[in-house]
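Scroll down for the structure; my scribbles are underneath it.
Where a number appears in this text, it was derived from the coordinates with a stated rule and is not lab data. The shown structure was predicted, so the numbers you read here are calculated from the model rather than taken from an experiment. FYI the Cβ positions are ideal-geometry reconstructions off the backbone, even for glycines, and counts take in every protein chain you see.
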Amino acid sequence: MRILSVATLSVVLLAGCTGATAAPVSPAASPDSGLTTIGAGLHGPAGVTASVYATGLKDVGAFAFDADGRLWVATASFADDGTDAVYLVARPGATPVKVIVDVHTPLGLLWSGGTLYVSSGHGIVAYDGFHGAVFASHRTVLVLPAGVGQVDGIALSPDGRLYLGVSAPCDSCMPTTAYAAAVVSVLPDGTGLRVEAGHVRAPVGLAFYPGTNDLFVTMNQRDDLGAATPGDWLSVVRSGQDWGFPACYGQAGSVCAGVPAPVAVLDTHAAVSGVAIVTGGLGSTVGTSALVAEWAKGVVVRVPLSNGATTSASSPEPFLTGLTQPVAMASAPDGAVFVGDWGTGTVYRIFTSAAASRS
């Protein structure tokens, strides 16, 4: 995860939906404000419970669930040192089984139509025909051109396209290819590659709001701006947008004219990572929200959503503390949310009593 950053400042919110004028509000509350003990050493909102689902997955970076509801986990080391892999965790507490080894910083997993798509290295590889221990075949879906940075999360759109985040290869330079610092999409057979939105420094976590075309993306900001450094962003990305990197980072003035505004501004230098969208599966206290992992802060924050899911109802607030470096986030088929702690290799399941009765 070469793009992750490490310093701290405040959490603020930008008022309005995508395309609106940015306006900061008051900083969020202290890290444990309003949270309580929820199990497994974590603190969270009343009404949810945390349990340890799996351990021994150092550098956990991405999740996916197959058609049988089984959890798949990708591990992604900070430096591509040959230890990265994709594992199957067949049930709670099961020993993770290593299935795929030839991967390089995999930060995206997606099951669709019996195929597992893995985003890593410089593109996407598809694996087919899983038979208990191995896949019968694999094929390259996408190889990105030279000049791109880290390949990030992957998501399936309602129309069947694979959406992919691709970071810039630098902190503040102008990329040499349109496929860097961009959200791109491609058909599952590898054809039809196109840039959906450009000039995004690091679009790391991707998740579609269920049943819609609203693509939520976590965005790491530049780290070289000193006191002018903004918070990282949670945004809804739409086709044709230009997010202004590297010149625009949310400041006032003509350089940001026409640049969309994010749904929410989170912590500065937070290295925001995975995002999960919940629409009531964690109870009324959590409600409809985007849950965002902040790798450098060791927390998951909650962004309440309203107005057709594209704007925030209020300031971001702490959702989970007690983690070290959360990265992977996913909504499970039963309504629970899974969180992967990159630092400890622990996978947590966050659920309500109703979800517990179905597990």
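Structure values in brief
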read-out	value
Net charge contributed by nearby residues that have their C-beta within less than 11 Å of residue 62 (K/R +1, D/E -1)	-3
Per-selection metrics, the stretch 232-314 (Cα): Rg and Dmax in Å	14.0, 43
Label-reachable residues, the stretch 223-251, where backbone N falls under 18 Å from a point 7 Å from residue 172's Cα toward its Cβ	223-233, 244-251
Residue order, fewest to most surrounding Cβ atoms within 10 angstrom, among 294, 196	196, 294
Phi-based couplings in Hz for the stretch 231-248 (Karplus 6.51, -1.76, 1.60; Gly and Pro marked x)	x, 5, 10, 10, 9, 9, 9, 10, 4, x, 6, 10, 9, x, 5, x, 5, 9
Sites residue 70 and residue 251 - FRET efficiency at Förster radius 51 Å, r taken between beta-carbons, to 0.05	0.65
Relative exposure of 98, 58, 297, judged by other C-beta atoms within 10 Å (fewest first)	98, 58, 297
P(r), alpha carbons of the stretch 245-293 - 5 Å bins starting at zero, rounded %	5, 16, 19, 17, 17, 12, 7, 6, 1
J(HN,Hα) series, the stretch 92-107, from Karplus relation 6.51 cos²θ - 1.76 cosθ + 1.60, nearest Hz, glycine and proline x	x, x, 6, 5, x, 9, 6, 10, 10, 10, 8, 9, 9, 6, x, 10
Ranked 189, 59, 223, criterion: other C-beta atoms within 10 Å, fewest first	189, 223, 59
Kirkwood hydrodynamic radius over Cα pairs of the chain, then Stokes diffusion coefficient at 4 °C and 1.567 mPa s, in µm²/s	65 µm²/s
Cβ-based net charge around residue 117, under 14 Å, with every Lys or Arg adding one and every Asp or Glu removing one	-2
Residues whose placed amide H lies under 5 Å from that of residue 61, excluding near-sequence neighbours	74, 75, 76
Volume per residue that the Cα convex hull of the stretch 208-359 spans, once the total is divided by residue count, Å³	122 Å³
